[in-house]
1. For the range A:127-153: of the residues being in contact with a helix residue (DSSP H, G or I) (Cβ under 8 Å, 6 or more places away or on another chain) and among the hydrophobic types (A, V, I, L, M, F, W, C), which is nearest to the other protein chains (Cβ to nearest Cβ)?
2. Applying the selection to the range B:243-257, what residues are of a type in the set (Phe, Trp, Tyr) and surrounded by fewer than 24 Cβ atoms within 10 Å (Cβ to Cβ)?
3. Considering each of A:74, A:12 in turn, give the residue that is at pLDDT 95 or above and facing chain B (nearest Cβ under 10 Å).
4. Checking residue B:244 against (1) out of contact with any strand residue (DSSP E or B) (no Cβ under 7 Å at 6 or more places or on another chain); (2) more than 21 Å from residue B:359 (Cα to Cα): exactly one of these is not met. Which one?
5. Considering only residues that are within 6 Å of DNA strand C (Cβ to nearest atom) and within 11 Å of chain A (Cβ to nearest Cβ), which ones fall in the range B:27-70?
6. What number of residues within the range B:17-26 satisfy the criterion of being within 16 Å of DNA strand C (Cβ to nearest atom) and either within 14 Å of chain A (Cβ to nearest Cβ) or modelled with pLDDT under 80 (or both)?
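The values are calculated or read from the model by the stated rules, or taken from the named source; none is laboratory data. The structure displayed is predicted, hence computed values, not measured ones. Cβ: placed from backbone, ideal geometry, glycine included. Neighbour counts: every protein chain shown.
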There are 2 protein chains.
Amino acid sequence: MQEGDEAQRGHKSGPPMTIYDVARTAGVSIASVSRVLNGHSSPRQETRERVMRAVEELGFVPDGAARALSSRLKEVVAVVFRRTRFELSTDPEFEDEADSLVFVDVLNRGIEVAAQNQGFDLLLSSVEVNEHAPGGKISKLAGKSDGVILHDRVLNPSGVVRLAERLPVVTLASTPTRASVNIVGDNAEGMRELAHHLLGTHGYRSIGYLSGHSDSPDNLTREKALRAVAAEYGVPVSAGPRWTGEYSAAGGARVIRRLISDGVQLPQAICCANDQTALGVVYELRHHGLKVPDDVAVTGFDDVSIARHVSPALTTVRQPIERLGALAFETLHDMINGARPAERQIVLPVQVVYRSSCGCRPEPAPSSRRDETMR
Amino acid sequence: MQEGDEAQRGHKSGPPMTIYDVARTAGVSIASVSRVLNGHSSPRQETRERVMRAVEELGFVPDGAARALSSRLKEVVAVVFRRTRFELSTDPEFEDEADSLVFVDVLNRGIEVAAQNQGFDLLLSSVEVNEHAPGGKISKLAGKSDGVILHDRVLNPSGVVRLAERLPVVTLASTPTRASVNIVGDNAEGMRELAHHLLGTHGYRSIGYLSGHSDSPDNLTREKALRAVAAEYGVPVSAGPRWTGEYSAAGGARVIRRLISDGVQLPQAICCANDQTALGVVYELRHHGLKVPDDVAVTGFDDVSIARHVSPALTTVRQPIERLGALAFETLHDMINGARPAERQIVLPVQVVYRSSCGCRPEPAPSSRRDETMR
DNA sequence: CTGAAAGCGCTTACAG
DNA sequence: CTGAAAGCGCTTACAG
C-alpha cells in the first residue's frame with residue numbers, strides 16, 4: 001500500500017519517510033519508535049517487533065540532522081588538511097602536491113578507523129595554501145561537527161585557540177596551544193638516531209638536509225636535530241633555500257637536478273624530510289649516473305609502504321602513522337565527552353629502520369621481507 | 001560583558017551561542033539575522049552591519065544540524081570505500097592494505113576539491129571487506145548526507161539500487177544500475193593500446209597479467225582486454241590464482257617471489273593491475289638479479305605520481321584520477337539538485353604513457369621531466 | 001525591509 | 001512500559 005507511489009521515480013520518491021510514518025504503521029507513538037531505534041531497554045518485546053517490522057517495511061532511516069539537533073551530538077568530527085593549489089588539471093606542474101599527501105592520507109585513515117569504532121564519521125575538508133580566511137571555512141565546518149582535528153599548517157596558533165574556545169580541537173604534527181592538544185611523532189629522537197647512524201656508524205663526513213615545507217613543525221624539528229648531531233661530529237650540513245623539496249618526489253628530484261647542473265658538490269649523505277622526497281632524490285641521482293648508496297647515501301622519514309619496495313630499499317624513520325591518527329581521534333572523542341585532556345601534547349615513539357639506502361647492506365635477502373634491522 | 005564568563009573554561013563555555021543571542025545583541029529579529037547570514041538581498045545596509053557586528057562580537061557560527069533540518073540540505077556528500085582488515089597495528093602483514101589505497105585517496109581528493117567548490121563537505125567512511133551488513137552502516141551515513149558516492153566493491157548491485165531509491169547515488173569504478181550512475185576510466189581501451197604496444201611494437205611473445213582484487217570491475221575489464229589482444233597475436237597469457245597481487249606492492253612482490261621459487265618460467269612482459277603492483281614486481285625481479293625491462297618488461301596502470309620517479313620509470317596507463325572524482329561529485333550534485341542524469345555511465349578517456357619499464361628507452365633525459373611519449 | 005510564527009524530524013524529560 | 005508534549009536551532013512563507 002505505502003510502496004505504490006514510491007518506486008516510481010527513483011530517489012525522488014515523494015516526501016521522505018519520517019518517524020511519524022513508522023509510528024503510524026506500527027501503531028505506536030513516535031517516542032516508542034525512537035526508543036527501539038536507539039536501543040533503549042524500556043520497550044517490551046512486542047512493541048520492539050512491531051516497530052522493527054514497520055522500519056523494515058518502509059526502509060526507514062532516521063534523519064541525521066534531526067537526531068543531531070535534538071540529541072546535541074552529530075557523531076561527526078571534522079578533519080582539515082592543507083592543500084597546495086590543486087586545480088583538477090593534469091598539468092604535471094601540479095603533481096608535487098599529490099605525492100606529498102601520502103602521509104596525510106594514511107593519517108586520515110587512522111583517524112577514520114578509530115572514529116568508526118565509536119560510531120563517528122569524518123568530515124573531510126582541505127584548505128588552500130593561500131586561502132585568505134581559512135577561518136571562515138573552518139567555522140562552517142565546526143558547525144557541522146562535534147570536534148575538529150587540524151593537520152599542520154592549516155591555522156595559526158591564535159586561530160587554533162579561537163576555534164578551540166568553541167569546540168574540542170586536536171592538532172596533528174603541529175604545536176600545542178593552551179586550548180588544544182597536539183599529537184606528534186618523536187621527530188627529534190628519530191632524526192638524532194638516524195644522524196648518529198650516518199655520521200657515526202657509517203662515518204660520512206658531509207651531509208645534506210633536503211627539507212619539507214618550511215612552516216611544517218615536523219620539518220623544522222628534524223632539521224634542527226640533524227644540525228645538532230652534525231655539530232657534535234663537526235660535519236658540515238648542506239641545507240637552506242636550494243634544498244627545499246616540499247615533501248614531494250618531484251621536489252626532491254628538482255633539488256638534485258639543479259644542484260648537479262649548477263656543479264655543486266653533493267654531500268656524502270642526504271637526509272630527506274620524508275620518504276617521497278627520498279624517492280625523487282634516488283631517482284634523480286641515478287639518472288646522473290650516481291649510485292645510491294655508494295656515491296651518495298640517502299634516507300627518508302615516515303616509512304610509508306613503498307619505502308621497502310624500491311631499490312635500494314629506503315633507510316628511514318618509521319612513524320606510527322595510523323596510530324597517530326587514531327590517537328588524535330581518541331583524544332578528541334574524550335574531549336567531546338567532556339574529559340579535559342591530561343596533557344597538551346602526546347609524543348609517540350618512532351623507530352629507525354635500517355635498509356640499504358644508507359649504505360648498510362647491498363640488498364636484503366629476497367626470501368624474507370621483514371629482515372630490517374631495528375636497533 | 002558577554003565574554004566574561006566564557007573564556008574561563010575552554011570549549012566548555014556554557015550554552016553555545018544561538019541565533020537568538022545574535023538577534024538580541026543586534027536588536028533585530030532572528031529572521032533578519034538568518035537573512036544576512038545567508039546573503040539574502042533584502043536586509044538593508046544598517047541592519048546588515050548591526051548583525052555582522054554582533055556575529056563578530058559573539059563569534060557566532062550557525063549550527064549545521066539546525067540549518068540542515070530546516071533547509072532540507074546538509075551540504076554533505078558521503079563517500080564510502082572498501083578497506084581490507086585494518087587493525088591499526090604495525091604488523092607488516094597489514095601493509096598490503098595501505099599501499100593499495102593510493103588510487104582511492106587521490107580519487108577522494110578529486111571529489112573533495114569539487115565538493116568545496118559547491119560548499120559541500122565529504123563524509124568519509126570505509127567498510128570492512130568482510131563486514132556482514134555494510135547496508136546498516138551505509139544507511140546511517142545516508143541519514144547524514146544529501147547523496148552518496150560509492151567506490152567499487154562496497155555494495156552489491158541490489159544494495160546500490162535500494163540505496164539509490166532513497167537518495168542520489170553515484171558509483172566510482174564500478175557498474176551502473178538502473179538507479180545510479182557510474183563513473184569510470186576507459187580501462188578496455190587503455191589496456192588494449194598498452195597490449196598492442198607490448199606485443200606489437202616490442203614483439204614480446206609471452207605475457208602475464210598480475211591481477212588486482214578479483215571482484216574489482218576495473219581489474220576484470222583490464223584482464224579481459226589484455227587477453228583479447230593477446231589472442232590476436234597468438235601470445236599466451238599467464239594469469240589466474242598464482243597471479244593475484246591485490247593491487248599492492250607487497251602483493252606484486254609476493255607473486256614474483258613465489259613464481260621464481262617455484263621455478264616457474266616468467267613471461268617476457270608482465271602487465272600489472274595497477275602501479276603499486278608494478279613497483280613491487282620491479283623490486284622483486286631486481287632482487288633476483290633480473291633486469292627490467294631487459295629480462296622482463298613490466299607495466300602499471302593509473303599513473304600515480306611515484307610512477308615517474310622510480311627507475312626504470314614506469315610505463316603505465318594514465319587515468320584522470322582527480323577528474324574522475326570531481327566528475328562523480330558534479331554528477332551527484334546535479335542529482336541532488338533534482339536533475340535526472342542523462343546517462344547511466346560516464347567513461348573518461350585514459351592515455352598510455354610510454355616510459356622505460358616496457359623497454360622503450362634506456363632512461364629519459366635528466367633535464368626534462370615531461371618528455372614522455374604519449375602517442 | 002522586517003518580524004512573529006510555523007515547521008523541519010528527531011529525543012527525552014515528564015506523567016501516567 | 002508508553003504517550004503527549006516540549007524543545008533542539010535554524011529557515012522561510014506569510015503579513016505588514
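1. Per the stated criteria, the residue is A:142.
2. Of all residues in the range B:243-257, those of a type in the set (Phe, Trp, Tyr) come to B:243, B:247.
Correct list: B:243 only.
3. On the way: A:12 fails: at pLDDT 95 or above.
Criteria check complete, one pass: A:74.
4. (1)
5. The answer is B:69, B:70.
6. Restricting attention to the range B:17-26, the residues satisfying the condition of being within 16 Å of DNA strand C (Cβ to nearest atom) are B:18-26.
This time we only want the ones that are either within 14 Å of chain A (Cβ to nearest Cβ) or modelled with pLDDT under 80 (or both), so: B:18-19, B:21-22.
Looking only at that region, the number is 4.
Here is a yes/no grid of residues against (1) in contact with a helix residue (DSSP H, G or I) (Cβ under 8 Å, 6 or more places away or on another chain); (2) within 11 Å of another protein chain (Cβ to nearest Cβ):
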| position | (1), (2) |
| --- | --- |
| B:155 | yes, no |
| B:158 | no, no |
| B:161 | no, yes |
| B:166 | yes, yes |
| B:169 | yes, yes |
| B:173 | yes, no |
| B:182 | no, no |
| B:187 | yes, no |
| B:192 | yes, no |
